[in-house]
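Participant: Below is a structure I'd like to ask you about.
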Amino acid sequence: MSAPPSQRASQTVPSTRTVTTERYDFFRVIQSYLDEAARHVNVPEHVRGILREPKNELIVHFPVRMDNGEYRLFKGYRIQHSNILGPFKGGMRYHEHASLDDFKALAAMMTWKCALMNLPFGGGKGGIKFDPRGVSRDELGRITRRFFHALGSNIGPDYDVPAPDVGTNAQTMAWALDTYLNTVGMVHKTAASGVVTGKPVASGGTVGRETATGQGVVHCISEWARRTRFKLEGKKLIVQGFGNVGSNTAVILAALGVSLVAVGDHTGYLYNPEGFNVHRLKQYVAQNGSIAGYANGQKITREEFFAVQADIFVPAALENQIGATEAEALQVSLVAEGANGPCSPEGEAVLARRGIELLPDVLANAGGVTVSYYEWVQNKRSETWALEEVEERLEKAMLDAYDRMSQFAKTHNCGNRIACYGVALQRLVQVYVEREIFP
């Protein structure tokens, strides 16, 4: 659709759809990708069994004193899926709908992502079930500190290395680092600084980390465009979710001549056929917490957003946003998954039938964990790399992984997602076969 109907323009629908039927079983979906990839790779049955379940599932309950003097009990999670390749690695998510099964799915995805990118990490994921927008900054700091204190030695620079995710950021990691250094890691402070990544640069973070996930998405889009002779300049973009990933992807693509014409987040959707000023929109969201109230866009419904005529769609919100209905409505040539698991299997099947290319999350948003690895290495070596070195390494890593995905897809006649899982599975199987099972 070129212009949304004006009579429906006043409606605002949240970006996360309400599931009124059976709950979306995200973990089972991720397991199904493993099963499908295993049909293309010779996987010993015991290895497949090991990879189907997390190694550790941690749940902690901890009290926090709120600003009004009352105490509130919080539930925190840390799922450690696999450490056969190295320390567990993955984000910490603060969200009111966080659940054990979702964290299990996301931790497993991190295992495939790290294996695909040839990183010496396994998969982990965790977080707290609450709405971070509903507490003060001081409360958020105390919640974070109590959570990481409760985890104690279940995390560490050589064991499990958390990072930011939905609802968390560099400041969250700074609180986490300080808590760890003043408790578990107080004896070896320098060596322990790599306990989390995504930290502020002054506190041991790396330049290029904030934009890394979005930059990785753009590297994949650019490589797809090069291989398909698709000229990016003058093309149109729609983005769902305008946090760190969505906003940085839009800003970097704008420099390549791609115009953002529709955007949505948890507060609703906006449309501007002339294209948004992505720098101003990013600043507005940083100041106000969402796109709500941004003046230079027309309000549209969720259904209208998915039907906007564009060329590229970057879903950068939450999982299970693109079902069969949304996939049928999309008017784009490419979907590049900035979020984890935004396409359901039904939606992905529709995209394939309609000839819409999909760059899967396991590859497309792997720039974040890749630059997190660079941060971890710098912490271990007490080094500081220049931005040029970080960005050069990231581009090489993303293009190398893209090529291995393409080769596997061509050889095994499968889609990009299963190709990514297949490449990752080949590496994991080789390690299990070589090391065997203790004792």
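The values are calculated or read from the model by the stated rules, or taken from the named source; none is laboratory data. Here the structure is a predicted model, which is why all the values come from computation and not from measurement. Cβ atoms come from the backbone with ideal geometry, glycine included; neighbour counts cover every protein chain shown.
Participant: If you check T249, T172, T213, which single one turns out to be under 18 Å from the mean Cα position of the chain (by Cα), under 26 Å from I59 (Cβ atoms) and either surrounded by fewer than 24 Cβ atoms within 10 Å (Cβ to Cβ) or of a type in the set (S, T, N, Q) (or both)?
Facilitator: Working: T249 fails: under 26 Å from I59 (Cβ atoms); T213 fails: under 26 Å from I59 (Cβ atoms).
That would be T172, the only listed residue that is under 18 Å from the mean Cα position of the chain (by Cα), under 26 Å from I59 (Cβ atoms) and either surrounded by fewer than 24 Cβ atoms within 10 Å (Cβ to Cβ) or of a type in the set (S, T, N, Q) (or both).
Participant: Name the residues in the range 380-401 that are of a type outside the set (D, E, K, R), within 25 Å of R427 (Cβ to Cβ) and over 21 Å from the mean Cα position of the chain (by Cα), would you?
Facilitator: If we filter the range 380-401 for residues that are of a type outside the set (D, E, K, R), which is where we start, we get 382, 384-387, 390, 394, 397-399, 401.
If we keep only those that are within 25 Å of R427 (Cβ to Cβ) too, we end up with 390, 394, 397-399, 401.
Matches in the range 380-401: none.
Participant: Right, here's the next one. Is there any pair linking a residue in the range 145-168 that is in a helix (DSSP H, G or I) to one that is of a type in the set (K, R), with Cβ under 8 Å and at least six apart or on different chains, and which?
Facilitator: Note: pairs meeting the criteria are L151/R78; N154/R78.
Residue by residue, here is whether (1) without any contact (Cβ under 8 Å) to a residue 24 or more places away in the chain; (2) buried (at least 21 other Cβ atoms within 10 Å of the Cβ); (3) among the acidic types (D, E) holds:
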| residue | (1), (2), (3) |
| --- | --- |
| N244 | no, yes, no |
| E274 | yes, no, yes |
| V278 | no, yes, no |
| Q283 | yes, no, no |
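Participant: Test A339 against the criterion of being among the small types (G, A, S) and either out of contact with any strand residue (DSSP E or B) (no Cβ under 8 Å at 6 or more places or on another chain) or more than 20 Å from R28 (Cα to Cα) (or both), and give yes or no.
Facilitator: Details: among the small types (G, A, S): yes; either out of contact with any strand residue (DSSP E or B) (no Cβ under 8 Å at 6 or more places or on another chain) or more than 20 Å from R28 (Cα to Cα) (or both): no.
Against the criterion (among the small types (G, A, S) and either out of contact with any strand residue (DSSP E or B) (no Cβ under 8 Å at 6 or more places or on another chain) or more than 20 Å from R28 (Cα to Cα) (or both)), A339 does not qualify.
Participant: Filter the range 74-126 for residues that are among the small types (G, A, S) and assigned to a helix (DSSP H, G or I); which is farthest from Y373 (Cα to Cα)? Spell out the reasoning first.
Facilitator: To start, the set of residues in the range 74-126 that are among the small types (G, A, S) comprises 76, 82, 86, 90-91, 98-99, 105, 107-108, 115, 122-124, 126.
Then drop every residue that is not assigned to a helix (DSSP H, G or I), which leaves 105, 107-108, 115.
Details: A105: 21, A107: 16, A108: 18, A115: 13 Å.
Only one residue fits best here, namely A105.
Participant: While we're on this one: Under the condition of being surrounded by fewer than 18 Cβ atoms within 10 Å (Cβ to Cβ) and more than 26 Å from the chain's Cα centre (by Cα), which residue from the range 42-61 is farthest from R417 (Cα to Cα)?
Facilitator: It comes out as H46.
Participant: Would the range 18-36 turn up any residue that is modelled with pLDDT under 95, in a loop (DSSP other than H, G, I, E, B) and surrounded by 15 or more Cβ atoms within 10 Å (Cβ to Cβ)?
Facilitator: Looking for residues that are modelled with pLDDT under 95, in a loop (DSSP other than H, G, I, E, B) and surrounded by 15 or more Cβ atoms within 10 Å (Cβ to Cβ), one finds at least one in the range 18-36, hence yes.
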